[in-house]
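A short write-up of the structure that comes next.
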Amino acid sequence: MARAAIRRRLTWRLATVAAVTEEARTARRLSLGIDDWEGHLPGQHVDVRLTAPDGYQAQRSYSIASAPESPTVDVVVQRVDEGEVSPYLVDELRVGDELELRGPIGGYFVWHADTDSPLQLVAGGSGVAPFLAVLDHHAAAGSTVPIRLLYSARTLGDVIARARLDEHVHRGVPVTIALTREQPPGWAGLRGRMTPETVREHTWPVDQRPRILVCGPTTFVEAVADSLVEAGHPTAAIKIERFG
Ligand SMILES: Cc1cc2nc3c(=O)[nH]c(=O)nc-3n(C[C@H](O)[C@H](O)[C@H](O)COP(=O)(O)OP(=O)(O)OC[C@H]3O[C@@H](n4cnc5c(N)ncnc54)[C@H](O)[C@@H]3O)c2cc1C
């Protein structure tokens, strides 16, 4: 990569909030306008930096939730109660506000649309954010690569981007949702935490040699990765992103 492009990615720059969209009970999509955005790959993230009036700074990473084809660079932030940064991003930011941001960052946890292997996505909580970019890019690029999502959330109200996920279901993408804490009457999806059996039953089988991306809180990601290895998937086929 050219030195200027690398410098640009690592330099803080201003992004303007172009839209704020409710994506779940505790999650908002921030659509950001960024001058001269050089594009990104689904799976990459940005760093966001906030500065208090007294100069105190806090910095956090957020996956890019929009496809490269999108006119805005979107992040989906879930409020972590008692958190330092996420409550501000979810509750306080308004259209027209500015944020400091750098990126796109990361070259490992990404999906290239020209890959032939089936793609399995496994998300826990806000870990679905990078997969919204992957799914939208899969649709926009007209990819014929088989793709499916297994997604664990606490309650139906915590499922992020439900309407968009439904659109992917309607174009033929299998999306399986597990609700861990509470299920509405008549819930047809999965119940409870992911077990090795759930993971095995609701992901592409080993003989289809899928590539697998797993994203979410550390304990979730590690449990799912162990289940995938136990099911026989080679470790080299599994890429993980921990949200900590
Ligand atoms: C590469 C990367 C991409 C990320 N992408 C996203 C994203 O797309 N959307 C998103 O909402 N978050 C994402 N995160 C997590 C994000 O960076 C912050 O950690 C999160 O927003 C909490 O920040 P905070 O300042 O509100 O909480 P903090 O003040 O940092 O933490 C407060 C408390 O909450 C705990 N905590 C921190 N993060 C979480 C969490 N995710 N779940 C449960 N408990 C937590 C901490 O251990 C601490 O006890 C990503 C993290 C990484 C490393």
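The values are calculated or read from the model by the stated rules, or taken from the named source; none is laboratory data. In this text, all values refer to a predicted model and were calculated from it rather than measured experimentally. Please note: Cβ atoms are built from the backbone with ideal geometry, for glycine as well, and neighbour counts cover all protein chains shown. Ligands, DNA and RNA are excluded from the accessible area calculation, which covers all protein heavy atoms including side chains. Shrake-Rupley method; radii C 1.70, N 1.55, O 1.52, S 1.80 Å.
Using the Cβ-Cβ distance between Thr155 and Leu14 with R0 set to 30 Å, the FRET efficiency from 1/(1 + (r/R0)^6) comes to roughly 0.25. For Ala2, put the label point 7 Å out on the Cα→Cβ axis and report which residues of region 22-53 keep their amide N under 19 Å from it. Backbone N within reach: 35-41. Nearest-5 percent of antiparallel DSSP beta bridges in region 38-170? Of all bridge pairs located within region 38-170, approximately 65 percent are antiparallel.
In the chain, the portion of solvent-accessible area held by carbon and sulfur atoms comes to 49 percent [1.4 Å probe, whole percent, DNA, RNA and ligands not counted]. Exposed loop positions in the chain were taken to be GluC sites (Glu not before Pro) whose DSSP state is not H, G, I, E or B and which have at most 13 other beta-carbon atoms within 10 angstrom. Between these positions, the longest stretch is 85-181. Semi-axes of the equivalent ellipsoid of region 68-119 are 29, 15, 11 Å, computed as sqrt(5λ) over the eigenvalues of the C-alpha gyration tensor in descending order. Relative intensity of region 30-156 on a log10 scale, I(q)/I(0) at q = 0.13, 0.20, 0.23 Å⁻¹, equals -0.57, -1.21, -1.46, per a Debye sum over C-alpha point scatterers of equal strength in the absence of solvent.
A crude spin-label estimate for the pair Glu22 and Glu222, with each label 7 Å from Cα along the Cβ direction, gives 3.6 nm.
Residue separation of Ala237 and Val85 scaled by 0.36 nm, minus their Cα-Cα distance, works out to 51.4 nm of gained length.
Ordered from longest to shortest, the equivalent ellipsoid semi-axes for region 178-244 are 23, 15, 9 Å, each the square root of 5 times a Cα gyration tensor eigenvalue.
Within the P(r) computed for region 1-88, what percentage of the Cα pairs occupies the region above 21 Å? Roughly 33 percent, rounded to a whole number.
Normalised per residue, the accessible area of the chain is 49 Å², obtained with a 1.4 Å probe and no contribution from ligands, DNA or RNA. Multiplying the residue separation of Gln183 and Val169 by 0.36 nm and removing their Cα-Cα distance gives an extension gain of 3.0 nm.
Rg/Rh for region 87-216 (Cα atoms only, Rh after Kirkwood) is 0.99.
Separation of region 182-243 from region 92-127 is 19 Å, based on Cα centroids. Remark on the chain: hydrodynamic radius 18.5 angstrom, per the Kirkwood mean of 1/r across alpha carbon pairs. Charge dipole of the chain (Cα centre as origin; +1 on each Lys and Arg Cβ, -1 on each Asp and Glu Cβ, all else neutral): 300 debye, rounded to the nearest 20. Of the beta bridges in the chain, as assigned by DSSP with both residues counted there, near 55 percent are antiparallel.
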